[in-house]
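The values are calculated or read from the model by the stated rules, or taken from the named source; none is laboratory data. Computed from a predicted structure; not experimentally measured. Virtual Cβ from ideal backbone geometry, glycine too; neighbours counted across all protein chains shown. What goes into the accessible areas is simple: the full protein's heavy atoms, side chains included, and nothing from ligands, DNA or RNA. Shrake-Rupley method; radii C 1.70, N 1.55, O 1.52, S 1.80 Å.
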Amino acid sequence: MQFPINFRAFIIVALSVVLSVFSAYAYMFNRSLGIVFGCLIIAFLAALTVISILKYKYKGIRFRFCVTFSLSLILGACAFGGAISSYENWHGEFESDVYCAVSGRVCAVDIRSGNYRLNLEELTINGKPADGIMRVSISASDQNTAELIECGDRLHFGVTVKAVKLFEEGKVNGQAYRTNIRYTATVHAESLIIDFGKPTALESFNASLHKLYIENMGDKYGNIAFSMITGDKHALDSDITDYFNAAGLGHIMAVSGLHIGFLVLVLNFILMKVRKSVRFPIIAMILLGYTVLADFSPSVIRAVVMTVISGIGVLIGGRRDLLSSLLCAFSLILAVKPLYLFEAGFLLSFGAIFGIAMFSVSITRMLVKAKTNRKVANSIGASVSVSAGILPAQIYFFGKISLFAIIVNSVLLPYISVVFISIVCLTPFAAIPHCGVILSLCKYLMMPLDYIAYGIASVPHSLVSLKQSAVAFLCFPIMFCASDFFMMRKGKTAVVLYSAAVCVLFCFIGAV
């Protein structure tokens with residue numbers, strides 16, 4: 001019997017983990033219902049695991065099926081338990097909108113658009129330790145005091161604290177879950193007591209890197225370069241991010257797989273004469289350090305996990321499979337951080353690579369057959385595939401899509417790689433005393449990107465508004481059916497059309 005889909009263990013594992021997370025989502029609505037769903041799924045996976053082991057013992061099936069169902073059970077149980085634990089322990093017994101005595105250490109300072117917002121960790125509220133981070137806004141009239149505060153300082157104040165809800169009105173607050181911001185407050189200078197302290201080594205490194213870029217590229221381009229390298233937008237004006245997003249170039253200022261790809265390219269070039277068995281651990285350690293620098297961004301974790309899996313595959317001589325490595329990273333991350341499934345950056349990152357896995361090769365092949373230059377075809381294929389892959393998440397979270405994103409990224413992707421690689425390569429030399437001026441080259445390289453982004457964003461209707469709906473995620477199975485991974489020779493077109501019709505029907509029902 002021939003199946004239209006080749007067996008891929010991590011398709012089953014990923015589906016099991018997703019079902020487990022949605023069981024925890026049901027738990028947030030109704031505890032009893034969620035526990036029933038979760039137990040049924042885990043029991044079903046446990047039964048499949050036992051059956052597969054018994055069949056393998058009597059040579060009925062291959063060992064990989066045992067591994068598949070065992071991983072599905074383990075990672076699914078971890079995801080279900082982790083999601084419920086996060087929900088139950090988010091605030092404990094804390095009551096929102098009450099006046100509290102607060103103490104905390106400053107771990108981030110956000111000065112976008114001239115406003116001061118601080119992130120406090122190591123919290124104590126009314127003398128009791130509290131998990132998570134508090135987001136504190138400083139009144140505009142108190143900016144002189146706010147300018148004195150830096151990372152490492154400890155603040156003491158009394159204020160009315162508002163709890164950030166993890167689950168509200170049927171939605172999981174994915175951003176709060178990712179950043180671990182559990183409380184918010186607005187304080188005035190007269191209520192602040194500041195104990196000046198020292199930043200950590202990582203905070204000092206970030207501050208020194210930021211200062212290096214600002215001193216040699218100016219405020220605007222220094223902040224853009226800093227956000228490109230670290231993903232930290234705390235000093236980047238919101239107007240800049242708005243017009244980069246409208247032009248479809250916002251991704252260059254959020255550390256993602258694109259940046260990891262550029263970094264691996266540079267490292268492979270530097271270490272090209274080192275044998276693979278030594279090169280791989282070196283690159284893996286550097287990528288781990290970069291993950292810490294990027295504050296464990298979901299997109300960076302995804303890219304690093306996939307890179308490590310790919311590297312292991314090369315070392316042991318295995319076959320590279322982008323879809324399998326993508327779903328492996330997807331499953332592992334959700335087993336540890338299950339509610340990332342509801343976070344925009346996580347879904348955009350995985351959606352982009354899913355789109356590449358589905359369509360990039362086929363689009364490139366089609367363009368090459370049409371006598372298109374292979375490099376141009378690769379660029380167009382990647383850009384179109386990424387745009388298709390991130391479309392559902394863009395619709396659901398933002399309700400807007402960039403009209404020119406495909407064209408802009410197809411044309412500018414090679415130039416963006418030159419800018420990023422230039423910043424990475426020149427930064428170590430610029431850190432040498434009296435050599436920072438070489439970063440001015442990066443400033444002039446960034447200027448065309450800035451002008452192009454601003455110009456495209458100024459075009460009427462550069463952003464198209466759409467109705468926000470979770471139904472958009474039904475596009476993913478349709479994409480899979482339309483891809484080369486779905487190998488049904490007869491009836492493939494009908495399957496895609498029927499699936500699209502169901503998606504449209506759900507959209508219509510949701511609109512009504």
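Here are a few things to note about the model shown:
- Using the Cβ of Val459 as centre and a radius below 15 Å, the other residues enclosed give a net charge of 0, where K and R count +1 and D and E count -1.
- Förster radius 22 Å - calculated FRET efficiency between Ile74 and Leu54, Cβ distance, rounded to 0.05: 0.75
- Exposed chymotrypsin sites (Phe, Trp or Tyr not before Pro) absent: longest stretch of the chain, with sites in DSSP loops and at most 14 other Cβ within 10 Å deemed exposed: 297-512
- Between segment 359-430 and segment 207-239, the C-alpha centres lie 24 angstrom from each other.
- Paramagnetic label zone (point 7 Å from Cα along Cα-to-C-beta, His461; backbone N under 18 Å) in segment 383-412: 400-408
- Normalised per residue, the accessible area of segment 309-401 is 45 Å², obtained with a 1.4 Å probe and no contribution from ligands, DNA or RNA.
- Gain on full stretching of the segment that runs from Ala431 to Glu147 - 0.36 nm per residue minus C-alpha separation: 99.7 nm
- Extending 7 Å from the Cα toward the beta-carbon at both Asp237 and Ser208 defines two label points whose distance is 3.0 nm.
- Quotient of C-alpha Rg and 2.2 N^0.38 Å, computed over segment 202-357: 1.11
- Calculated FRET efficiency, Ile438 to Glu168, Cβ-Cβ distance, R0 = 45 Å: about 0.35 to the nearest 0.05.
- Estimated from the Cβ-Cβ distance and a Förster radius of 22 angstrom, the FRET efficiency linking Tyr415 and Ile270 is about 0.50.
- Think of it as helices only: each DSSP H run of n ≥ 4 in the chain is worth -39500 (n - 2.57), and spread over all residues that comes to -20000 deg cm²/dmol at 222 nm.
- All aspartates and glutamates inside 14 Å of Lys375 as judged from Cα atoms, apart from same-chain residues fewer than 8 positions distant: none
- In range of the label at Phe398: residues from segment 220-242 whose backbone nitrogen is under 20 Å from the point 7 Å along Cα→Cβ: 224-242
- As a fraction of the 1.4 Å probe accessible area of segment 13-62, surface on carbon and sulfur atoms comes out at 74 percent.
- Per-atom-type breakdown for segment 117-204 gives carbon and sulfur 48% of the accessible area (1.4 Å probe, protein chains only).
- Simple rule: put +1 on each Lys or Arg Cβ and -1 on each Asp or Glu Cβ in the chain, find the dipole, and look at Val336, Pro298, Ile51; the Cα lying farthest toward the positive end is Ile51.
- Here, P(r) means the percent of Cα pairs in each 10 Å bin from 0 to the largest distance; for segment 142-262 it is 11, 27, 38, 22, 3.
- Karplus-based coupling profile of segment 408-419, in residue order and whole Hz: 4, 6, 4, 7, 9, 4, x, 5, 4, 5, 5, 5, with θ = phi - 60° in 6.51 cos²θ - 1.76 cosθ + 1.60 and x standing for Gly or Pro.
- Computed from backbone phi, the HN-Hα couplings of segment 444-449 come to 6, 6, 7, 4, x, 4 Hz, rounded to whole numbers (Karplus: 6.51 cos²θ - 1.76 cosθ + 1.60, θ = phi - 60°; Gly and Pro given as x).
- Phi angles across segment 336-345 convert, under the Karplus curve 6.51 cos²θ - 1.76 cosθ + 1.60 with θ = phi - 60°, into 3J(HN,Hα) values of 8, 10, x, 7, 4, 4, 10, 9, 4, x Hz, Gly and Pro given as x.
- Gain on full stretching of the segment that runs from Asp219 to Arg8 - 0.36 nm per residue minus C-alpha separation: 71.1 nm
- Among the listed pairs Lys276/Lys443; Lys371/Lys490; Lys128/Lys400; Lys220/Lys400, those whose Cα-Cα separation exceeds 31 Å are Lys276/Lys443; Lys128/Lys400.
- Stretching Leu33 away from Asp295 to a fully extended chain increases their span by 90.8 nm, per 0.36 nm per residue minus the current alpha-carbon distance.
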